[in-house]
Structure formats: structure tokens, C-alpha cells
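*Asks:* Below: one structure in C-alpha cells.
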Amino acid sequence: MTVELITNEECAMSTTDTPGATDTPAATDRRNWRMLPVILAAFFMYGFDGNVVNVTIPSLQADLNAGQAALELIVGGYVFAYAAGLVLGGRLGDLFGYRRMFLAGMASFTVASVLCGLAQNPTQLVVFRMLQGLTAAGMVPQVLALITSTFPVEQRPRALAWFGVTGGLSGICGQVLGGLLLVSDVFGLGWRVIFFVNVPVGIVVIALALRLLPTATSGRRPGLDGIGVLGISGSLALALVPLILGREHGWPVWAWVLLVASVPAMTAALWWERRVARTGGQPLLDLTLFRSKVFNAGLAINAAFMAFFTSYVFVLSLLLQTGLGFSALHAGLIFAPTAVLAMVASLKGKGLVAKYGLQILTIGSLITAVSVLVTAVGLQAQGGGITQPVLLVSTALMGIGNGLILPSLIGAPMAGVKPAQAGIASGMLSTTQQFASVTGVAVLGAIFFAKLGDGTGADAYASATELAAWVALGVILVMTALVTVLARAAAASAAEAAEQARSDEAPSGGVAPAKA
């Protein structure tokens, strides 16, 4: 599942040197809609490759002898590199043009996919997966930029709706189509086919993009804040690497040194961000946003949800395939209700959010909590013999709950953000979501593998998954509590804004209305 942001800043973009700029509005309209599936293919490829590795876990264990830490890095390293490069990729698009960056990102992503498919050991695959995530960070931000810069305001919601649908489809296909590719063993390639399939798709997308994409720019020349990118990403890496590798290596001294070092590294990075802001630069993080209780609560909700979902799916994939012995296709079909119902509930949820507000976020969180509870209780009662109906009920409920959560997830922290801060706030939110995903995989993965130990078989994996499920349930309940905090902060912010508006409307020299 992928969550992306549309910002006010992006809506201010313009297009220049567009091929056929003298065409009629109808011709331009047709060209825009022909362009849309081409750029959405990039978003699909990113989401597909983020999800499909979950169904390859047994194959990677058998073929590459990938250990527990390597599996976490293969899944989480992709997201980490994407998160680290996300803001940088967007700003490079502002500097060099969205068309140029899209083409460069797609070509690089295709090459990185080939390298993943050619990997001969776990270390190579981890490195190439991180490279793949970094190249995705070069092309995905250009998708939203091109949509908002080329489509008229009245057509943009429809185009963005297809963007959301594509995200849902990438999740479904990552699980189901990925499983089908593995079961079919295309050309005897095994797990490698999930990466090689990007090659023909990438070539076709590049050919069409060269013909259909306009030369779009934002009209801005933003700073890159490379030190900020390296500082924030590096300090988080110092914490995540020992969390992933430390347990498997018996928690050596270097693991503790890196964990301790992450604190002053993050402190130094935040100091740098504050300095960039004071000197009139464009920092990666706008620390003044943390003065808003609405933004803080919304950011925490996003972090909790992304940490829960990515790590929980990772653990369930281990249970289904390695523990219960399901085929890749069978496991993908177990996950299919989550992706399908999340997409349906998300489309329906938009209207419900408009009518009932944050109550829908609370309801969605509680439904997702029930879905995890069903799995935990099912594993406690049935162990390694857990039945498919229990698993399907659980994944279906998770799809409904997540679908109700998603429409509010992005808007929650952005509600109290000033228009001038919308761009940097959305970048901070996107980066937080992705880093939270990696942290979730690292922490819940560590808990799962610590419980599993040297155990093998269905019962051992069921016991480890049960513990992970209870922890995941705790994360979702914390998220539900944070929604209450958000609602109170939002109400207080609205009351303060109303009071300020009344004060501003008071006649000059008169007496402003008394505060309650």
C-alpha cells in the first residue's frame, strides 16, 4: 500500500515548451489523457516492486540463502532509499524539469531492476534493491508534478483519482500477479522474473514518454539542502542498521555504538536544519511546524499506521509461505481482499469523511484493530493449523479498515498547515511515512525473529506471528488514541482561528470581543 501527497505548492506549477502548444484545447486534452497512463505506469512499478518481494521470501531463502536480516533489508532497504531520496527527487524535478527527471528515473529504475534480477547473493540484492528505491525516488515525484502542471483544475481531481486507483492496483498485482509469475516459473527464472518484468515495461514507458510528455517546470529554483538529506537519512540509518542486524549478530559492541551515535547525529542534523532556516535557505525540515499540535498528532498517526501496515504484511508473508507452506500465488490470494477492499472503501470513504470528519478515521482504526485481533486469537486457538476462513476474514477486515483510514490519513496533519508551508510539510510527511515503514519492519521483524529463534514448522511460525500480531494491535490502538488527541487539537485550533478572525473584524480603535 502506498500513500502519496498532493501539495498546494505543486498546484502552482506551469508548463513550458509543450509540444503542440498551439493545438486546440481539445487536442491538448486528448494528449493529457494519453500521457496519464504512461506516467502512472511509473507509480505502478514503484508500488508493484514494493509489494511483490513479500511473495518471494521463501525463494530468496532457498536460492540465495538469505538470512533473517537480509530479508528485512531486501524489503525495508527499498523503502529506506526511496524515503531518503524522495524530497531530493522532487527538487531535482523543479531544477531540471519533470520530463527529464521522469525519463532519467525510469531508465535508472529499469537498470536497477536488471541488477536485482542478476544478484548472486543476499548482499548484492540488498544493495541493488536500495539502488532501485533511490531511482524510484527520482521518477515518482514527477508523476504528481506532471499531473498538476498539465491538467486543468477542473480535470485534476479525475486524474488524481486514477493516481489513487493505481496505488491500489499495484498492491493487488504485487501480491497476486507476483505469485502467479513465481508459480509459472517463466523461462525458469524463478524469483528473478519479478525484477526482469520491469525491463519491457520500462522500455515501452520510456518510448511513449519521449513522445507524449511535455517539458514542464515549476518556475522555482529551490535549494537542495544536500547536507540535510544526508544528515537526516544518515542518523536514521545509524539507528535502523543495528535494529535489523544486531540481533542476528548477538548484539555486538558496534551495534550499540551505532545506536548511541544516532542521537547526536540526529541532534546535529536538526541543528543544521534550524541554521538553514535562519539564514533564509530552504531546509529539508521546517521545525516551526512542530509547534502545531494538529501537525504533530497527524504526523504521529501517519507514522503509526505506516509502521504497522508494512511490518505486519511482512510478518504475515513469512507465516503464510515459510510457516504454513502456501505457494506464492496462494499467499497472494490471501492478501487480495486487503488490497481490493481497501481501494473500494477508500473511494466510498471520501464522502463519509466529508460528512463525519475524524470519526471515520477512528472507525477505520478500530476495524483494522479487530482484523489484527482476529489473527492473534486465531493463532492462539489454532496455532499452525489456523484455517483459511480466519485468514480471509482478517485480511478482508484489514482492507475495509485501511480503506476508511486512508482518506483522512494525509489531510490529518495538513489541516493546520499554512499555505506557504504546504510544500515542505508534505515533503516531511511523505518522508516520515516511508521511514516509519522501514522502522516498523526492523522492530516488528526483530520481535518476530527473536520469538522464532531456531524454530521451524507451522507451530513455531504461528507462535512468532501471534506475538507480532499482539504488538501490531498495540500500535493500532495507540494510533486510535492519537486520533482523539488530533480531534481535540483540531477543535482548539479552529476555536483559536475563529477568535482571531473576530478580533481582526473588530473596528479600528474599538474594543475586540472579550475572550472566553
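The values are calculated or read from the model by the stated rules, or taken from the named source; none is laboratory data. All values reported here derive from a predicted model rather than from experimental measurement. When we count neighbours, we look across all protein chains shown, and the Cβ atoms used for this are built from the backbone with ideal geometry, even at glycine. Please note that ligands, DNA and RNA were not included when accessible areas were found on the heavy atoms of the full protein model with its side chains. Shrake-Rupley method; radii C 1.70, N 1.55, O 1.52, S 1.80 Å.
*Asks:* Do the sum for the chain: with -39,500 (n - 2.57) for every DSSP H run of n ≥ 4, divided by all residues, what is the mean residue ellipticity at 222 nm, to the nearest 500 deg cm²/dmol? Write down the numbers at each step before the final one.
*Replies:* Values: 17 runs with 391 residues, N = 516.
So the calculated ellipticity at 222 nm is -26500 deg cm²/dmol.
*Asks:* Going 7 Å from the Cα of Asp459 toward and past its Cβ, which residues in the range 315-345 have a backbone nitrogen under 16 Å from where you end up?
*Replies:* Taking a point 7 Å out along Cα→Cβ of Asp459, the residues of the range 315-345 whose backbone N falls under 16 Å are 323-324.
*Asks:* Taking the highest mean first, how do the peptides 256-264, 69-77, 197-205, 299-307 order by number of other beta carbon atoms within 10 angstrom per residue?
*Replies:* For the peptides 256-264, 69-77, 197-205, 299-307, the packing ranking is 69-77, 299-307, 197-205, 256-264.
*Asks:* Report the relative contact order of the chain, percent, no decimals, based on alpha-carbon pairs under 8 angstrom and at least 6 residues apart.
*Replies:* Working: 826 pairs, mean separation 110.7, N = 516.
Computed value for the chain: 21 percent relative contact order.
*Asks:* Ok, one more. Taking the Cα-to-Cβ direction at Val204 and at Gln155 and moving 7 Å from each Cα, how far apart do the two end points lie in nm?
*Replies:* Those two pseudo-labels are separated by 2.3 nm.
*Asks:* Rounded, prolate or oblate, given the Cα gyration tensor of the range 107-205, with a/c below 1.5 counting as rounded?
*Replies:* On the way: a/c = 2.75, a/b = 1.75, b/c = 1.57.
Judged from the Cα gyration tensor, the range 107-205 comes out prolate (a/c at least 1.5, a/b above b/c).
*Asks:* Sequence gap at least 6, Cα distance under 8 Å: using those rules, report the relative contact order of the range 109-248 to the nearest whole percent. Numbers along the way, then the final one.
*Replies:* Values: 57 pairs, mean separation 41.0, N = 140.
Relative CO of the range 109-248 lands at 29 percent.
*Asks:* Probe 1.4 Å, all protein chains in place: accessible area of Glu154 in Å², nearest 10?
*Replies:* Probe radius 1.4 Å; accessible area of Glu154 about 140 Å².
*Asks:* In whole Hz and in residue order, list the ³J(HN,Hα) couplings for the range 243-250 that follow from phi through the Karplus curve 6.51 cos²θ - 1.76 cosθ + 1.60, θ = phi - 60°; x for Gly and Pro.
*Replies:* Those phi angles translate into 5, 7, 9, x, 4, 5, 9, x Hz.
*Asks:* With Cβ to Cβ distances under 14 Å as the rule, what net charge do the other residues near Pro413 carry (K, R +1; D, E -1)? Mind dumping the intermediate values first?
*Replies:* Numbers: positive: Arg291, Lys293, Lys418; negative: Asp286.
Neighbourhood net charge equals +2.
*Asks:* OK, next. Where a ≥ b ≥ c are the square roots of the eigenvalues of the C-alpha gyration tensor, would you call the range 267-316 rounded, which needs a/c under 1.5, or, failing that, prolate if a/b is larger than b/c, or oblate? Show your work: numbers first, answer last.
*Replies:* Values: a/c = 4.00, a/b = 2.15, b/c = 1.86.
It is prolate, given that a/c is not under 1.5 and a/b is the larger ratio.
*Asks:* In addition: Could you run the Karplus curve 6.51 cos²θ - 1.76 cosθ + 1.60 with θ = phi - 60° over the range 252-267 and give me ³J(HN,Hα) per residue in whole Hz, x for Gly and Pro?
*Replies:* Result, rounded to whole Hz: x, 4, 4, 5, 5, 4, 5, 4, 5, 5, 5, 5, x, 5, 5, 4.
*Asks:* So, in Å, what gap is there between the alpha-carbon centers of the range 304-326 and the range 343-378?
*Replies:* Distance between centres, Cα-based: 20 Å.
*Asks:* Please compute the net charge surrounding Ile206, taking Lys and Arg as +1 and Asp and Glu as -1 over other residues with Cβ under 15 Å from its Cβ.
*Replies:* Details: positive: Arg99, Arg100, Arg211; negative: none.
Around Ile206, the surrounding residues sum to +3.
*Asks:* Still on this structure, please answer the following. Once amide H atoms are built 1.01 Å from N in the peptide plane, which residues 5 or more positions from Gly325, or in another chain, come under 5 Å H to H?
*Replies:* Distant-sequence amide H within range of Gly325: zero hits.
*Asks:* Fully extended, how many nm does the chain gain between Trp251 and Ala492 (0.36 nm per residue separation, minus their Cα-Cα distance)? List each step's numbers first, then the result.
*Replies:* On the way: separation 241, 0.36 × 241 = 86.76 nm, distance 4.57 nm.
Answer, rounded to one decimal: 82.2 nm.
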